[in-house]
Amino acid sequence: VGLLTLPLVYLLARRLFGLRVGLIALGLMAVSHWYNAYARLGINYNQTTLLEVAAVLAFWEGWQRRRAWWFVVSGLLTGAGLYLYFASRLTPVLLVAFAAYLWWWRRRARSQSEPVLSPRLTDMALWAATTVLVFLPMVPYFIAHSQELNSRADFVFLFNDSAKMNTFTGASEVLPALAVQVERYATLFNVGGDRSGQYGNTLPLIEYYTAAFFLLGLAYALYHARQPRYMLLLLWLSLTVFIGGVLTIESPFTPRIVGAMPVPFMLAAVALDRAWTRLGMHLTHPRREWAMRAVAVALAAAVITNNLWSYFGHYIHSIDGWAQREPATLVAQYAAQMTDDQKMYLLGAPELYIGHGTIRFLAPSLRGDDLLYPDAELPVRDPLARRAVFVVLPNYLEFVERLQALYPHGQIKEFRRPWGELQFVIYEAPAEDIERWAR
């Protein structure tokens, strides 16, 4: 899914700003540690990004080419996205906001005698009808189970509970809490601090050099905000970060803003393109042109090197979001080798749960439970569990002695990183110990 997203980002950037911007945006995103970290995860956030980019591209094509069938394609993609991660609900919000801007822009341009096109009402109606038609099979279920389907969105919304707001921002009033949220996301791309378990990287989302050009591109886009192509990117970034980020808990939480992931790279590409054009106008001597090419190669090498270090040098050797990576994979590989008479119990919340996607993917037939309250849940008394495997993360090591006392014939295994850091402990309890407590 991540690989399929790249050519769409190239096509969109090319349609908005030209071939060179398309190629630069493609290159910057393809080597980005942020993008690659998510692209390697088997999770529906990536599907949200893919369909959102495709929906925006189709919408832009429909508006530019005045072809109704492009709006149908955009509606199909928008509606399909609503079946995925709930951040996909931002796509129709973005496209409606962009269409509203285009209508306003057209009215303003008419007063200045500028030739401007805006989406026709029939095209927008076709887009909306297609979106609804695709989502229609879900509508009866959505209506009957709206509480369940909206439960996650309600839970992560920051401002529906003052206690929750105070817990996640340290502020008990709305405006100070909002200021904290805005500051966290305003610095996320260039300073860092993602708190999600899915990535959880203390580094900036965008490496140093790309981040610098992203700020320049953002400033350039704000200066030219009246042009639809820049307004599209500004709306895309601001609406996603505000609705999916600022208004939610656990900030900064990058999975909720991955739909706008291509935007910073396109803005950085715009800044690089404009800088190259301006320099080219003044450096016409052949030797100076070669100097420009050398600088471009050096900059590309610096971007690649910085991203390589950010991911392979820093991230995978840090504890940022660590339980979601190597431990989850090792636990899953161990679970895949378990026999039918074994059951796994995981002492890992909130860092890791038995239902983690990697574990479900590599060990689909695993029988297991989370021990969220091990003080009350030990010993286990499941009559269907002949033998038990207890996975104990470092924050639960105090329970290893209790497991040894409850299941004295068990075996303990430690899983460490190459440099000695403990990842987790597995305690295998035999049938004779399990049966003693199951009676």
Within segment 368-378, is there a residue that is surrounded by 14 or more Cβ atoms within 10 Å (Cβ to Cβ) and under 18 Å from ASP340 (Cβ atoms)?
yes
Evaluation of TYR396 against (1) modelled with pLDDT under 95; (2) within 15 Å of ALA335 (Cα to Cα); (3) open to solvent by less than 50 Å² (accessible area, probe 1.4 Å) (one fails), failing number:
(2)
Given (1) modelled with pLDDT under 95; (2) over 27 Å from ALA97 (Cα atoms), index of the condition THR210 fails:
(1)
Please name all residue pairs, on different chains or six or more residues apart, with Cβ atoms under 8 Å, provided the first residue is in segment 96-125 and is of a type in the set (Val, Ile, Thr) and the second residue is surrounded by 13 or more Cβ atoms within 10 Å (Cβ to Cβ) and at pLDDT below 85.
VAL116/TRP105; VAL116/ARG106; VAL116/ALA109
Mind telling me which of the residues GLY420, GLY355 ends up being of a type outside the set (Val, Ile, Thr), in a loop (DSSP other than H, G, I, E, B) and at positive phi?
GLY420
Looking only at segment 154-176, filter to residues that are of a type in the set (D, E, K, R) and outside any helix (DSSP H, G or I); which one of those is modelled with the highest pLDDT?
GLU173
For residues that are over 25 Å from the mean Cα position of the chain (by Cα) and touching a residue at least 12 places away in the same chain (Cβ under 8 Å), scanning just segment 345-367, find the one that is most open to solvent (accessible area, probe 1.4 Å).
ARG367
Take PHE142 and tell me if it is under 29 Å from the mean Cα position of the chain (by Cα) and at pLDDT below 90.
yes
In the list TYR396, TYR345, TYR427, TYR407, which residue meets the criterion of being in contact with a Leu (Cβ under 7 Å, 6 or more places away or on another chain) and more than 22 Å from GLY197 (Cβ to Cβ)?
TYR427
Check ILE24 against each of (1) open to solvent by less than 10 Å² (accessible area, probe 1.4 Å); (2) within 17 Å of LEU233 (Cβ to Cβ); (3) of a type in the set (Val, Ile, Thr) and name the one condition it does not meet.
(1)
Within segment 158-171, identify whether any single residue is within 30 Å of ALA99 (Cα to Cα) and touching a strand residue (DSSP E or B) at 6+ places or on another chain (Cβ under 7 Å), and answer yes or no.
yes
Can you tell which of ALA87, ALA125 is assigned to a helix (DSSP H, G or I), open to solvent by 20 Å² or more (accessible area, probe 1.4 Å) and of a type in the set (A, V, I, L, M)?
ALA125
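The rows are residues; the columns are (1) in contact (Cβ under 8 Å) with a residue 40 or more places away in the chain; (2) within 18 Å of PHE253 (Cα to Cα); (3) in contact with a His (Cβ under 7 Å, 6 or more places away or on another chain).
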{"residue": "ARG15", "(1), (2), (3)": "yes, no, no"}
{"residue": "LEU19", "(1), (2), (3)": "no, no, no"}
{"residue": "ILE24", "(1), (2), (3)": "yes, no, no"}
{"residue": "ALA37", "(1), (2), (3)": "yes, yes, no"}
{"residue": "ASN44", "(1), (2), (3)": "yes, yes, no"}
{"residue": "ALA68", "(1), (2), (3)": "yes, no, no"}
{"residue": "LEU76", "(1), (2), (3)": "yes, no, no"}
Within the set of pairs 6+ apart or on separate chains, which have a first residue in segment 146-157 that is free of Cβ contacts under 8 Å to residues at least 40 places away in the same chain, a second that is of a type in the set (Phe, Trp, Tyr) and assigned to a helix (DSSP H, G or I), and C-beta atoms under 8 Å apart?
LEU149/TYR141; LEU149/PHE142
Testing GLN64 on (1) of a type outside the set (Val, Ile, Thr); (2) at pLDDT 95 or above; (3) open to solvent by 10 Å² or more (accessible area, probe 1.4 Å); (4) out of contact with any Asp or Glu (no Cβ under 8 Å at 6 or more places or on another chain), one condition comes back false. Which one is that?
(2)
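The values are calculated or read from the model by the stated rules, or taken from the named source; none is laboratory data. All values derive from a computational prediction rather than experimental measurement. Don't worry about glycine lacking a Cβ; one is built from the backbone with ideal geometry, like all the others, and counts go over all protein chains shown. To get the accessible areas, we keep the full protein, side chains included, count just its heavy atoms, and leave off ligands, DNA and RNA. Shrake-Rupley method; radii C 1.70, N 1.55, O 1.52, S 1.80 Å.
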